[in-house]
1. In Å², what does the accessible area per residue of the chain work out to with a 1.4 Å probe?
2. How many times 2.2 N^0.38 Å is the alpha carbon radius of gyration of the range 46-94?
3. Picking from 13, 119, 41, whose Cα lies most toward the positive end of the charge dipole for the chain (charges on Cβ: Lys, Arg +1; Asp, Glu -1)?
4. In the chain, how many lysine pairs have Cα atoms under 29 Å apart, counting only pairs 8 or more places apart or on different chains?
5. Where the convex hull is taken over the Cα atoms of the chain, what is its projected area averaged over directions, in nm²?
6. Length gain on complete extension for the stretch residue 138 to residue 61, per 0.36 nm per residue less the alpha carbon to alpha carbon distance?
7. Determine, for each peptide in 123-130, 62-69, 11-18, the mean count of other beta carbons within 10 angstrom over its residues, then list the peptides with the highest first.
8. At a 10 angstrom cut-off on C-beta neighbours, averaged per residue, how do the peptides 169-175, 134-140 rank from highest to lowest?
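The values are calculated or read from the model by the stated rules, or taken from the named source; none is laboratory data. As the structure is a prediction and not an experimental result, all values here were calculated from the model. We place every Cβ from the backbone using ideal geometry, glycine too, and count neighbours over all the protein chains shown. For the accessible areas, the whole protein counts, side chains as well, though only heavy atoms, and no ligand, DNA or RNA atoms are used. Shrake-Rupley method; radii C 1.70, N 1.55, O 1.52, S 1.80 Å.
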Amino acid sequence: MLESIGEEEFRRLLDEEMTRRQPVKCRGDDKSSLFAPTGTFVTVPVFAGELKADTLGQLAAIATDKAGGYLATTTDQNIAVLASSTNEEAAIHTALEQAKLSASSSLMIANFRVCPGNHECRMGLSATRDVARQIIGLAGESASAKSWAISGCRNSCSQPQLADYGIVTSKLTREEDGERQP
């Protein structure tokens, strides 16, 4: 977006949008305390942290319409919508199913924390989402019994040391055909 409209125009649009926004209202009587949400979280799985803008827009609309606007990311790179009642929870589930955003995908069987890898990070040495898909393809449903973290470089942004199985790409090696592989 910056490339197409320029930084100055982006900043102007951002400032304009922020002036229209209402401040976030926290639930509870003690305004000085940290926000402590009350209710039930409906978690929307996001495979390997890969969330497209239009899908995020759909989730934001569902949160606005059905859950008082509360939308958050989880430590497992998923999205959580806060339902303050069982009626809200049912409405959120229905809206997610209608939008085809429920957890029915076979890619959702395992718990993966995945850094962007070379898909989006200039430090990335490997295509981390592809590695995650390969693991699911090889391990199948047995992958769901453990937590996984895949880092595309030595920075270990996905915190592989905290997972049951951690994979870190440490270097590229040259194959016989001259191709460099993680």
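1. The answer is 68 Å² per residue.
2. 1.12
3. 41
4. So the count works out to 10.
5. For the chain, the mean projected area of the Cα convex hull comes to 14.8 nm².
6. Extra length from residue 138 to residue 61 when fully extended: 24.1 nm.
7. The most tightly packed comes first, giving 123-130, 62-69, 11-18.
8. Those peptides, ordered most packed to least, come out 134-140, 169-175.
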